[in-house]
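Note sheet for the following structure.
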Amino acid sequence: DSLSKVAKAAKIAERMVNLNTFDDIAQDFKYFEDASDEFRGQEGTLLPLWKFQYEKTKKLAVTAISWNPKYKDLFAVGYGSYDFMKQGQGMLLVYTLKNPSFPEYSFSSGSGVMCVDFHSDHPHLLTVGFYDGNVAVYNLKKACSQPSYKSSAKSGKHTEPVWQVKWQKDDMDNNSNFFSVSSDGRIVSWTLVKNELVHIDVIKLSADGTTMQGPEGLQLQMLGSGTSFDFHKKIDYLFLVGTEEGKIYKCSKSYSSQFLDVFEAHHMAVDSVSWNPFHLKVFISCSSDWTVKIWDHTIKTPMFVYDLSTAVGDVAWSPYSSTVFAAVTIDGQAHVFDLNINKLEPLCTQLVVTRKKNKATHIQFNPVYPIILVGDERGLITCLKLSPNLRKKPKEKKGQEVKKGPEVEIAKLEKLLSLVRVPGNKE
């Protein structure tokens, strides 16, 4: 039809108009480097770039952010609510940096979206977990408002909110599959077979030693409730699960009843846990108990503990340095750390979410550009550029080539860890 012929041209025109409107921001994004960093010593700043806001999501909180692995300007945002009294509609929007004023794709759902994840090999596939316990897969190539796959009560949906979903490598039969974790204590593997989702329960979290007295003296087993998880970058079967009780379980896909290890990590729910992209032993966790902790998975106690004086909503490793990570706290501040420069304090603590009674909920680094996204409880996404001090690379000395690459990043973090590991103590 004639409309769709116009649509493509209109989209390009809209992007050009947007580029003109936001020209100064685009220039900042591409070329501006904060010169005042030289006089600040080690501290850095975050320069606000675009804000992404959509009329229909103003009353919803940003519950998830995921960058597309192939198109570096594209990201998906999930909207829902963390307040169990105020559950209602949810939305899934896909934005591009090329057009800050309007989403590229929008999908609405009956239940709040809690987590999203782009597939690394099939960048048009987007998996979503909902507050009502369902999971779904959206295919951006198909122009339809409904997901291509969705779980149901018959096909093993969770009974409580799904807090995280993660794609895995395709299985032996080249079927795409992903995992989900939920408050109901189940970790489920979902496989896209023909036109349905097939599920297998991988693990059930049990809260250790807690049995409830039921009617007539029955002993009821309490389930632990999963809140976040992450798969190891190299060891395919290894993954971590954070729970509402503050424990972190180290699990393997091959043992469903047994944990490899349990970390008594936090006093409150673990809001996020993730492996370091460079160093194979290190992971980070954050919690509502005000702390961010960095761990070596072979050691039971944390290597570094940071108290940020208020509940931490999310934490993320940077893609360019093994020692840089960022966290957001519910008072609307973003904190950027570089352990290589300062092991004790953040290089930058900046108020990002300025409105009162609003909380920052999520933070993500772009895989290529020096920018981060911060989402808040009013549905606003703020894009910020990291100043040069926050992404320092080793300086080149005269006549010496500076080594770059993953080995250097691993060595850098290893050196820091060796300072805090207790010598002679293997535990």
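Assorted remarks:
- Normalised contact order of the chain, rounded percent, pairs of Cα under 8 Å and 6 or more residues apart: 13 percent
- Protein accessible area in the chain, 1.4 Å probe - carbon and sulfur %: 54 percent
- Listed residues P48, N139, M16: farthest to the positive end of the dipole of region 5-154 (Cβ charges): N139
- This model, with +1 at the C-beta of Lys and Arg and -1 at the C-beta of Asp and Glu, gives the chain a dipole about its Cα centre of some 900 debye.
- Applying a DSSP loop filter and a limit of 11 other Cβ atoms within 10 Å to the GluC sites (Glu not before Pro) in region 21-100 leaves E33.
- Largest GNM mean-square fluctuation among M16, M85, M303, using the chain with Cα springs under 10 Å: M85.
- Site pair V17 and M172 shows an inter-label distance of 5.5 nm when each label is modelled 7 Å from Cα along Cα→Cβ.
- Links that overshoot a 26 Å alpha carbon limit, given the list K385/K415; K253/K359; K166/K250; K166/K415; K98/K385: K385/K415; K253/K359; K166/K415
- Computed across region 308-401, the Kirkwood radius stands at 13.9 Å (inverse of mean 1/r, all Cα pairs).
- Of the DSSP H helices in the chain, those that are both long (alpha-carbon extent of 18 Å or more along the helix axis) and hydrophobic (Kyte-Doolittle mean at least -0.5) are 2-21, 406-420.
- Taking all protein chains into account, the per residue accessible area for the chain stands at 50 Å² (1.4 Å probe).
- Net lengthening on full extension, D73/M268 (0.36 nm per residue, minus Cα-Cα): 66.7 nm
- Ordering of 406-416, 321-331 by packing [mean C-beta count within 10 Å, highest first]: 321-331, 406-416
- Averaging 1/r over each pair of different alpha-carbon atoms in region 130-180 and inverting the result gives 12.2 Å, the Kirkwood hydrodynamic radius.
- Computed from backbone phi, the HN-Hα couplings of region 322-330 come to 6, 10, 9, 9, 10, 9, 10, 10, 6 Hz, rounded to whole numbers (Karplus: 6.51 cos²θ - 1.76 cosθ + 1.60, θ = phi - 60°; Gly and Pro given as x).
- Burial order of peptide ranges 236-247, 3-14 (average beta-carbon count within 10 Å, highest first): 236-247, 3-14
- Segment R40-L280, length gained on full extension (0.36 nm per residue, minus Cα span): 83.1 nm
The values are calculated or read from the model by the stated rules, or taken from the named source; none is laboratory data. Because the structure is predicted, anything quoted here is derived from the model rather than measured. Cβ atoms come from the backbone with ideal geometry, glycine included; neighbour counts cover every protein chain shown. Surface accessibility is based on the protein's heavy atoms, side chains included, excluding ligands, DNA and RNA. Shrake-Rupley method; radii C 1.70, N 1.55, O 1.52, S 1.80 Å.
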